[in-house]
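Have a look at the structure below before the remarks.
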Amino acid sequence: MQHTEQGNILDVIIIGGSYAGLSAAMALGRSLRKVLIIDDGLPCNRQTPHSHNFLTQDGRPPAEISALGKERVLAYPSITWLDDRAVKAEPSTTGFTVKTKHGDVLRAKKIILATGIQDNLPSIPGFRDCWGITVIHCPYCHGYEFRNEPTAIFAQGERALHLASLVRNLTSQVTIVTSGASGFDSTQLAKLKRNDVILVEEELRSIIHQKGKIESLELNNGEHLAVTALYAAVPFTQMSDLHKQLGCEESDQGYIKVDNFQKTNVPGVYACGDNSAMMRSVANAVYTGNLTGAMVNKELVDEQF
């Protein structure tokens, strides 16, 4: 459905309609704000079978949670939805103009970026097939389901040690695979040894699996590690470059910089969810989205009252 605003100016355009975007929209809809959500239906967790550590929704498929959220949000009459991808955003005399892939041109007083991030997965055979299923990123999101199971960590340096400390709390069978020289110093090695964490520096060649469920990790020397889960610290990029088009700053880690109220450095532009937070979970996305919606409404109120 095409949705082009000719003369009317929306209060807010939310770019990204997953958990953070929907949560922001609900807060705004309940404040009678005229809101448009633009989303292309490609959330980063679309391969994950179950979401966890989110009160009342623990264990439900992510798609079910977002579908229910969308249904509830669109019940508010001032909120509309556009199945499309925002490709350009720029300031205008009345706020901002957003252009979509399919040619819609929309205007709003404020913009919320809930665009998410893109995981840059290595080209190791089997890695992508298992991502979000048994190749996982977060002990809080997935760790309980693999408690007491033989588990590997695919990471290096401080990130590997951090994950090892969290995972060791869930299982005594922990192996770190660094795919090269670990670089750990004597103190770090002693800590790993004290906690019975095995260190493997051999390169990871492939992941042997059945429909995303790991059977073993094949190393470059031909050996196999029998594990049930693999935690992986992979690099990421922003899913969209709209924040750069608008002039929003990034942190050294690559997140959109926001203050305690989810404001970017560009007046009128907010960001929430995975694109601006290291704590990557459905619960945190919902929280930051809810806060963003309230803060945007307050800014609109302050400008009008």
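Since every read-out is calculated from the coordinates, none of them should be taken as a lab result. Since the model is a prediction, treat every value here as computed from it, not as a measurement. Cβ atoms come from the backbone with ideal geometry, glycine included; neighbour counts cover every protein chain shown.
If R0 is 22 Å, the Cβ-Cβ spacing of LEU55 and ASN260 corresponds to a FRET efficiency of close to 0.45. Evaluating kT/(6 pi eta Rh) at 4 °C and 1.567 mPa s, with the Kirkwood radius of the stretch 192-278 over Cα pairs in the Stokes-Einstein relation, gives 78 µm² s⁻¹. Among THR175, THR151, sorting on how many other beta-carbon atoms sit within 10 Å of each Cβ, with the fewest leading, yields THR175, THR151. Taking every DSSP helix (H) stretch of at least 4 residues in the chain, weighting each as -39,500 (n - 2.57) and dividing the sum by the residue count yields a mean residue ellipticity at 222 nm of -7500 deg cm²/dmol.
Taking other C-beta atoms within 10 angstrom as a stand-in for reagent exposure, ARG168, ARG30 fall in the order ARG30, ARG168, fewest first. Amide hydrogen proximity for ILE153: with H placed 1.01 Å from N in the peptide plane, the residues at 5 or more positions away or on another chain lying under 5 Å are THR175, ILE176, VAL177, TYR231. Once the chain from LEU199 to LYS88 is taken as fully extended at 0.36 nm per residue, the excess over their C-alpha distance is 35.3 nm. Our summary of shape: the Cα atoms of the stretch 127-232 have principal axis extents of 40, 31, 18 Å, ordered from largest down, in whole angstrom.
For the stretch 183-229 versus the stretch 15-41, the inter-centroid distance based on Cα atoms is 42 Å. Taken as Cα centroids, the stretch 72-150 and the stretch 263-305 sit 15 Å apart, rounded to the nearest whole angstrom.
What the phi angles of the stretch 170-180 give under the Karplus curve with 6.51, -1.76 and 1.60, with θ = phi - 60°, is a coupling list of 9, 8, 8, 9, 10, 10, 9, 10, 9, 6, x Hz, glycine and proline written as x.
Among ASP129, ASP185, ASP259, the largest mean-square fluctuation in a Gaussian network model of the chain (Cα springs under 10 Å) belongs to ASP185. Beyond 11 Å, what share of the Cα-Cα pairs of the stretch 89-129 is found? Please give it as a whole percent. For the stretch 89-129, the share of Cα pairs beyond 11 Å comes to 73 percent. Going from the fewest other Cβ atoms within 10 Å to the most, the residues MET279, MET239 appear in the order MET279, MET239. 3J(HN,Hα) along the stretch 234-244: 10, x, 9, 10, 5, 5, 9, 9, 4, 5, 5 Hz, from the Karplus curve 6.51 cos²θ - 1.76 cosθ + 1.60 with θ = phi - 60°, whole Hz, x for Gly and Pro. Over the stretch 1-158, all Cα pairs binned in 5 Å intervals from 0 give whole-percent P(r) values of 2, 8, 16, 17, 16, 12, 10, 9, 6, 3, 1, 0, 0, listed from short to long. Build a GNM of the chain with springs between Cα atoms under 10 Å apart, and of LEU55, LEU246, LEU291 the one that fluctuates most is LEU55. Looking at the calculated P(r) for the chain, what percent of the C-alpha pair distances fall above 36 Å? When every Cα pair of the chain is considered, 26 percent fall beyond 36 Å.
Across the stretch 257-272, computed HN-Hα scalar couplings (Karplus, 6.51 cos²θ - 1.76 cosθ + 1.60, θ = phi - 60°) run 6, 9, 8, 5, 10, 6, 7, 7, 6, 9, x, x, 10, 10, 9, 8 Hz from first to last residue, x flagging Gly and Pro. Just the number, please: percent antiparallel of the DSSP beta bridges in the stretch 104-234, rounded to the nearest 5. Within the stretch 104-234, antiparallel bridges account for around 35 percent of the total. Beta bridges from DSSP with both residues in the stretch 156-229: antiparallel share about 75 percent, rounded to the nearest 5.
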